[in-house]
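Taking it in order: structure first as C-alpha cells, then the write-up.
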Amino acid sequence: MILCAGESLIDMVPQDGAFTPHLGGAVYNTTVALGRLGRPTGYLWPLSRDPFGEQLSHRLQEAGVRTDLCPRTHRLTTLALVTLDNGNARYAFYDEGSAGRLFAQEDLPDLPSEVEALFVGGISLVPDPCGATIEHLVSQNHHNLPVMMDPNIRPFFVNDAEAFRARLDRLLAMADIVKLSSDDIEWLFPDLSPEQAARSLLSSGPKLVLHTAGEQGATAYWAGEPVNMKSIRANVVDTIGAGDTFNAGFLAGLHHQGALNKQGLDNLQPEVIRNALKTAAQAAAIVVSRAGANPPWAHEMPQDD
C-alpha cells in the first residue's frame, strides 16, 4: 500500500461569476489518482466531520483508498479560493484552526505492515503543528520505506521562509524521489539551472529527481543519463491537479514494475524510469482536459498494445 500523508481541502473554483466547490489539496489529489489508477493506496490526514469532510472521505472510499488511518475531528475543512490566469491556477487559503492544520504528532497511528511507500508534500509541510507531524512521520520511516516528496511550494503561504527552507532541507535529504516544478526550482535554487538543482539534490540523498515543465514535458535525473518524456497533447481546460496526478502516475508506474521499494530504487534502469514517466504524462494529460482535479480511472488510461 502506498500511504499518502498531506492536505485535503476544498478548491473554490470560479464558474459563471461565482465559485463552485471542488474536492482537492495536492496530496489528496495524488491519493485519489493513485486509487483510481488501481494501486493499493491509503490516506493519512485529519478529516473533518463537516459536510466537506464527508465529501472528501466519500471520494477517497469511492476510489478504493483506505481511510481508517485518518483521525476524524469536528474542526472545519480548509478552503482554497482559486483564480485562473490563462488556465493556470492561483490560490488563497483559509486554513487557520482547520482540521488538517492542527494535525499533531500524537495523532499519528502505528503504520500497518501493508505500507510499502510514503508520499508527502504540499502546503501540509509549511505550518505547525502539521508540518512537524509530517516531518516526524518521514523521519521515523524513511530508513525502511521509500519516500516520494513534492514540496509544491506556494510562496504566499510561507510566512517564515528560513524555517521552511530548513524543514525542506531535512525532508529532501530523507526522500528517495523528489518531484520539482520549474517554480519550485526557482524558489529553492534561484541561481541554478534545473539540471544543476537536480544534481545538487542527488548528492544529498535522493535517488531520483523529477523536473516537470508543463508543455515542455518532464525530465528524470538519477545516477545515469537523464530520461526525458515529452508532454502529451491535450485540450487544456485548466491545470488544477496536473502535477498531483503526474505524481500518482509516476508512483503507479514504478509500483506496477515492482520498483517502488528500496532495492528497486537502488537498481533503477532507464526503461523503468521511462515507463513510469509515460504513465505520469498520460494521467496528467487526461486531468488537464477536464475541469478541476478530476484524475483518470484505470480504464480511461491508454492501453499498451
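Only the coordinates and a few stated rules stand behind these numbers; no lab work does. It should be emphasised that the depicted structure is a prediction, and the values quoted were computed from it without experimental measurement. Glycine gets a Cβ as well: all are built from the backbone with ideal geometry, and neighbour counts include every protein chain shown.
Things to note:
- Separation in nanometres of the label points that stand 7 Å from Cα toward Cβ, at Leu192 and Ala291: 4.1
- Considering only alpha-carbon pairs that sit under 8 angstrom and 6 or more positions apart, the relative contact order computed for the chain is 17 percent.
- Rounded FRET efficiency, nearest 0.05, which uses the C-beta distance separating Ser139 from Ala92 and R0 of 45 Å: 0.90
- For the chain, built as a Gaussian network whose Cα springs stay under 10 Å, the top-fluctuating residue of Ala280, Ala223, Ala117: Ala223
- Förster radius 45 Å - calculated FRET efficiency between Ala104 and Ala223 (Cβ-Cβ, nearest 0.05): 0.75
- In the chain, the DSSP-assigned H stretches of four residues or longer account for a calculated mean residue ellipticity at 222 nm of -10500 deg cm²/dmol, using -39500 (n - 2.57) per stretch and the full residue count as denominator.
- For the range 103-203, the relative contact order works out to 26 percent when only alpha carbon pairs closer than 8 Å and six or more residues apart are counted.
- Highest to lowest packing among 96-107, 24-35, scored as the average C-beta count within 10 Å: 24-35, 96-107
- Approximating the spin labels as points 7 Å out from Cα along Cα→Cβ, the Asn159-to-Gln216 distance works out to 3.5 nm.
- Modelled spin-label separation between Gln269 and Arg233, with each label point placed 7 Å from Cα along the Cα-to-Cβ direction: 3.2 nm.
- Note on Ser113 and Arg170: the extension gain reaches 18.0 nm, defined as 0.36 nm multiplied by sequence separation minus the Cα-Cα distance.
- The chain - share of DSSP beta bridges that are antiparallel (%, nearest 5): 45
- Difference of contour (0.36 nm per residue) and Cα-Cα distance, Asp183 to Leu84: 34.0 nm
- Given charges at Cβ of Lys, Arg, Asp, Glu: the range 183-265 dipole, positive-most of Ala220, Ala252, Ser231: Ala252
- Lys, Arg +1 and Asp, Glu -1 on Cβ, resulting dipole of the chain about Cα centre, debye, nearest 20: 340
- Taking N as its residue count, the alpha carbon Rg of the chain over 2.2 N^0.38 Å: 0.91
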